[in-house]
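Have a look at this one before I ask anything.
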Amino acid sequence: MTVPRRIQPEARGAALIMALLVVALATMLSTTLFFRQDVWLRQVDTQRDQAQTRIIAGAGIAWARAVLAYDTRTSVSDHLGEAWAITVPTTRVEDGEIAGQVTDEQGKWNLNNLLAGDGSVSAANMEVFRRLLVLLRLSPELAATLADWLDKDSEPSAGGAEDAYYLAQPQPYRSANRILTDVDGLLRVRGFDANVVERLRPHVTALPGYHRANVNTASEFVLSALLPDMQPSEIRQMIAQRERIPFRDFVDFRARLPRSEIAPNQELLDTRSRYFTVLIRARYGRAGLTTEALLERPGRDWPLVVWQKYQ
Ligand SMILES: [Ca+2]
Ligand SMILES: [Ca+2]
């Protein structure tokens with residue numbers, strides 16, 4: 001995605017994220033200099049490389065948390081012109097390298113929004129998911145199947161599936177009856193094979209609880225699913241417009257809609273985000289690793305790591 005010109009943080013944002021990265025790396029690397037004394041044994045070499053790689057990756061996660069903490073203090077909304085959205089290209093550090101990217105998870109539609117706050121199925125979000133599935137040329141019936149997987153009861157809804165289906169499989173298991181912890185959790189739900197999940201993956205996320213999508217960062221597909229009153233051309237215009245001037249809040253968003261007949265549902269939409277993922281690629285000597293973490297930014301506090309995976 002191109003960074004919009006007028007709101008581009010330009011050199012200042014890039015300098016900021018690089019400065020925070022250098023601080024994070026300096027802190028982490030200074031603790032491990034003793035590894036260098038052990039170069040006489042190849043096995044120790046390998047262990048050193050792996051340890052240094054993990055340290056560089058850890059510094060990358062710390063960097064992302066620092067950038068997001070800075071953003072909280074300096075802005076009221078979250079959009080793609082901010083410093084956190086700048087991709088850090090492969091950068092040399094000591095004898096290794098690091099690359100990183102932060103993604104707004106609320107630029108995607110949260111699969112767990114199928115359950116409203118009280119645990120019942122959210123009719124508005126069922127409609128959003130059905131529309132998203134159709135836009136992606138997938139069966140809208142998958143919405144009912146996922147709602148059954150998430151909801152507490154074991155009564156299949158129309159077109160859905162509960163224990164009776166899953167227990168009849170060659171390797172039987174039960175319906176989760178709880179929210180997904182990650183998008184890969186879909187693979188256990190009837191009808192969500194690897195192809196379906198890969199088609200959905202760029203547009204969906206699995207966050208703890210109910211979290212609205214950010215209209216400043218949402219993809220064209222997600223916006224179309226959230227705003228059924230809008231024409232595809234109007235959605236594209238909105239994306240071009242938000243790159244010049246991001247939406248400050250819901251009132252600003254509603255005021256800038258192209259037609260008065262468009263009725264956005266505030267329960268589905270936001271202009272700022274609480275959840276981000278950071279993807280870090282680190283390399284040192286012969287070792288390399290890729291790690292991804294889900295970060296939660298609660299209010300004005302330092303972001304927390306919800307989960308971290310190594311690939
Ligand atoms: Ca922000
Ligand atoms: Ca259920």
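Give the accessible area for His79 in Å² (nearest 10); use a 1.4 Å probe, count only protein heavy atoms, and leave out ligands, DNA and RNA.
Its accessible surface works out to 30 Å², give or take rounding.
What ³J(HN,Hα) values, in whole Hz, does the Karplus curve 6.51 cos²θ - 1.76 cosθ + 1.60 give for the stretch 114-128 when θ = phi - 60°, with x put for Gly and Pro?
These are the phi-based 3J(HN,Hα) values: 4, 9, 6, x, 8, x, 7, 6, 7, 4, 4, 6, 4, 5, 4 Hz.
What order, most packed first, do the peptides 170-182, 286-298 have when packing is the mean number of other Cβ atoms within 10 Å of each residue?
286-298, 170-182
The values are calculated or read from the model by the stated rules, or taken from the named source; none is laboratory data. Computed from a predicted structure; not experimentally measured. Note: ideal-geometry Cβ built from the backbone for every residue, glycine included; neighbour counts use all protein chains shown. Surface accessibility is based on the protein's heavy atoms, side chains included, excluding ligands, DNA and RNA. Shrake-Rupley method; radii C 1.70, N 1.55, O 1.52, S 1.80 Å.
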